[in-house]
């Protein structure tokens, strides 16, 4: 059957469902059996009425197979479908319900790979029969619902999308769905076969998937090694991701197109909301401008006998009339702040032009001078009509390179820049480059690409946006909550913000550090204003953490101090010497107890210094984090030493008999230490990474743009 010309579904027989007696006697029981996967009942009914296999059992034209593949997957359901397919003819599998869906289409949509394989092996033509109203192929349905196994299998059995039913349009749809569902291996095959399908929509979808470009590690050991290398900015051995290969092929194809097309692809579609308001408004103003010019032409050419002075007054009245008309039209519409601003400007034009005309008529002497002044005034207000047309610019917030920069899709941008270096100069609607976006959204991996641009870095960092913000102003703005939560605790978040500000300050020219934006703020003033609340939260978090930890450290110091004088075994009543002082294990007890006391005391003093700190901005960079790290580390070591002391005391007392007791206690003593590490792991790691790993945060040794050329 030719699926491309199908106007009606290939429906099963309706005879049984149209007959009420047959429906109750056969269709209804078979429907229930198919839902319950009860093969015994279904087989009994089919043996009595073989035409049930190719008959509708629901008003929507579903056969028993349609129902069976749609139920919840289980071993019983799988066996039911297998036996049902075995009993059906090859052509019976091509039957569709009222929605044009074959049983294969339903199985593909729900991701039942076993049912799909079973039906395709019996009748491969099923892969070419579209469903969903006759528009979508089974392969598309599987991709839409993210059924990776089904997509892979159906693609391998689709003759590279050359079968009947496939065309450029639905191949493009399939490619988009594969990219959206992270099925990059299938998408790569499609693009290699049909390079023209690689367009801006696909590139835009890839721009929004930074995780897709994380390279595959070979094994657990290699993964651990690469993690260590990543901390110090050195790259380990990694395989190139399929998503990166896909970007490379698509981008190479796009770069062969004319410059205008490349610009359109990079710009992306305009914002729908902005476009729906702006285009009718611009059309409206253009219509009024056309009427204005036409009226002016009629006045200047049509009234030959009228004096120049009268012509000027007529032109003024014409302008005022049209401005009044524009004002009235905008008042009828309700587009929020946009129309309020327009009404304000138009009202000002009307008032100003009338006032100026009166001033000219009253104060300017001589008819000739009045004509000159009035003519200049008319020209000025015609020009202002042009300005009104540019009030609202069409915006393109979906520009793919800026979307990629905002979410930190480094490898994607690196590949684009490597083949098209001019991208580093592109600006968004606010006049910001990808590096300005990286600073604004705290994407250090994107920002670090700036160091691969050589001397051009100096020119890029000098650029200012539409609000006169330079790059340091953007660093002074508060980061989003999503980026702040990358580190634990408000104090460490404040530290990260200060590190960003310091890095950008050292990058831009010195003269830019004190520049003011349109709000009259320098970068430092903006930073202080934007981070006032975060600084308060950081102080509160730091004091709270220090107070809680100091309580624990004090308890430990009290316990181990007492343990130093209540030693296991006691003292010799004759000479006051400990009973077990000659045993090596007793020496270990004394050393561990002393270490625990010293470490806990150090921890107490460290946390006390945190509580009494000034909490100035610069204290959050190194002073407070280092103190916190020292306090937490010494607290951890004191807990460890205390538990060692506790375990040793049992070994001293029970070293001859019941040895299982000290062994058990020693094992259990590890639990508090492990629990402490588990609870404080993220804080400790973030403190170390932020304080000592910050020198690797910017300017890493690894290069992303100008690495070894893959084509050589």
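The values are calculated or read from the model by the stated rules, or taken from the named source; none is laboratory data. Everything numeric here is computed off the predicted structure, so don't read it as measured data. Cβ atoms come from the backbone with ideal geometry, glycine included; neighbour counts cover every protein chain shown.
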- prompt: What is the number of the single condition among (1) modelled with pLDDT of 90 or more; (2) surrounded by fewer than 21 Cβ atoms within 10 Å (Cβ to Cβ) that residue 482 does not meet?
  reply: (1)
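Yes or no, residue by residue, for (1) touching a residue at least 60 places away in the same chain (Cβ under 8 Å); (2) surrounded by 20 or more Cβ atoms within 10 Å (Cβ to Cβ):
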{"residue": "75", "(1), (2)": "no, no"}
{"residue": "85", "(1), (2)": "no, yes"}
{"residue": "100", "(1), (2)": "yes, yes"}
{"residue": "118", "(1), (2)": "no, yes"}
{"residue": "129", "(1), (2)": "yes, yes"}
{"residue": "135", "(1), (2)": "no, no"}
{"residue": "145", "(1), (2)": "no, no"}
{"residue": "150", "(1), (2)": "no, yes"}
message: Yes or no: region 26-39 includes at least one residue that is more than 22 Å from residue 130 (Cβ to Cβ) and either outside the structural domain of residue 126 (by TED's automatic domain parsing) or surrounded by fewer than 14 Cβ atoms within 10 Å (Cβ to Cβ) (or both).
response: no
query: Looking at 64, 108, which is the one that is buried (at least 18 other Cβ atoms within 10 Å of the Cβ) and under 38 Å from the mean Cα position of the chain (by Cα)?
result: 108
task: Look through region 220-262, keep the residues that are part of a loop (DSSP other than H, G, I, E, B) and at pLDDT 85 or above, and return whichever of them is nearest to the chain's Cα centre (by Cα).
output: 241
